[in-house]
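Before any comments, here is the structure.
The values are calculated or read from the model by the stated rules, or taken from the named source; none is laboratory data. Predicted model only: the values in this text are computed from it and were never measured. Here Cβ is always computed from backbone atoms with ideal geometry, including for glycine, and neighbour counts include all displayed protein chains.
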Amino acid sequence: MVQKENIFPIGIGTWNIDCENIEKEIPSLVYSFSQGQNYLSLYMLYNHGEVVKKVKNFIDEVGRENLFITVNLEPTIVNISDVETQLNEYLQVLDLRYVDSLQLHSPVFSKIPLVEVYLEIQRLVSVGKVKYIGISNVNLEQLTEIHEAVSVDFFEGVYNLECKIYEDIGVLEYCKCHNIQFVCYQPLRRGRTANRYYSLLLELSKKYQKTQNQIILNWIWKEKHLFPLVKSTNIDRISENIHSLNFDMSREDYEKMNQFRSNEFDSVVIDWNGAGGVSIDQLANQFE
Ligand SMILES: NC(=O)c1ccc[n+]([C@@H]2O[C@H](COP(=O)([O-])OP(=O)(O)OC[C@H]3O[C@@H](n4cnc5c(N)ncnc54)[C@H](OP(=O)(O)O)[C@@H]3O)[C@@H](O)[C@H]2O)c1
């Protein structure tokens, strides 16, 4: 079993894995693993469950005990028993006895109070089906309420150079103070941040002889101490991403990354309670 302390900083994302060409995708996942990547995030919603089914071949090849597997609950929880039913589906499809972390993906859609859902997840920990408790896409108030009821270990949220809302609303600080590991999805905004050729990224890229995406990943891990969760099934880009960890930038340059703001993303109104606005998991997709 991989303990929380032994997770490699860059996780393996699975959104948009090409299920039609899975025989080409699996060797890339195995390559990621060979480079140290051992955190795998799965979601039944991706390609109607096909991603989870196909990724089983990867898990079997590298050995379940060598991976930290996080799975997501779909927002369709109507009865509390749906939590275990959904978990059982992952266990059955992947032929696992337990998952490492279980998290509710989109709490805004939950018909059941979040604390009730989390007390049920805690029960699943006590019976050994889940090792750690995760949460995704909540705000500070919701996180605080859940963490006071059960002890949260992981928070999966959007964080990248342009989308710093979780820092602004105090979630990063809360996670740091309560030993909750923040895992950031869309750290590269699916390549769109680099495609904007921001002068800061171009300057640091030239100075350190690294790609813009390496500058971003380096800053997220070395400066912010967050785990970037990146999807790549391209060997060159996997290698590029891994090599983002083996250099340091100056304090002044990390500060420049810290200070960077995007007026565009800062002005988006987020829907935290179903009262209107943009769903947080779509924030990074609002602009090219
Ligand atoms: N909890 C949530 O609400 C939530 C929301 C979104 C995502 N996620 C999870 O987080 C993971 C990461 O997010 P994401 O996949 O949306 O975005 P991302 O990791 O920022 O970007 C992935 C995209 O960028 C490309 N890429 C990867 N490394 C690159 C590099 N060095 N240079 C240029 N392009 C690169 C990948 O293509 P190639 O494969 O061709 O390299 C892929 O198309 C997802 O896969 C998913 O598991 C969770």
Query raised in the report: Which of the residues belonging to region 45-71 are assigned to a loop (DSSP other than H, G, I, E, B) and either among the β-branched types (V, I, T) or modelled with pLDDT under 95 (or both)?
Result: L45
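Looking for whichever is touching a residue at least 12 places away in the same chain (Cβ under 8 Å), more than 15 Å from the ligand (Cβ to nearest atom) and under 23 Å from V268 (Cα atoms) here; the options are G191, G157, G170. Which one fits?
G170
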Query raised in the report: Quick check: anything in region 64-74 crowded, with 21+ Cβ neighbours inside 10 Å and of a type in the set (F, W, Y)?
Result: yes
Query raised in the report: When only residues in region 85-105 that are in contact with a Leu (Cβ under 9 Å, 6 or more places away or on another chain) and not aliphatic (A, V, I, L, M) count, which is nearest to the ligand (Cβ to nearest atom)?
Result: H105
Report task. Considering every residue within region 93-108, establish whether at least one is within 20 Å of the chain's Cα centre (by Cα) and surrounded by fewer than 15 Cβ atoms within 10 Å (Cβ to Cβ). Result -> no
Query - Subset of region 234-277 (residues that are of a type in the set (A, V, I, L, M), away from the ligand (no atom under 15 Å from the Cβ) and not in a loop (DSSP other than H, G, I, E, B)) - result: M257
Query raised in the report: Would you pick out the residues in region 1-36 that are in a helix (DSSP H, G or I) and among the aliphatic types (A, V, I, L, M)?
Result: I22, I26, L29, V30
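Can you confirm whether region 111-119 contains a residue that is among the basic types (K, R), surrounded by 16 or more Cβ atoms within 10 Å (Cβ to Cβ) and touching a residue at least 24 places away in the same chain (Cβ under 8 Å)? Working first, answer last.
Taking region 111-119 first, the residues among the basic types (K, R) are 111.
Next, from what is left, pick out any that are surrounded by 16 or more Cβ atoms within 10 Å (Cβ to Cβ): none.
No: region 111-119 contains no residue that is among the basic types (K, R), surrounded by 16 or more Cβ atoms within 10 Å (Cβ to Cβ) and touching a residue at least 24 places away in the same chain (Cβ under 8 Å).
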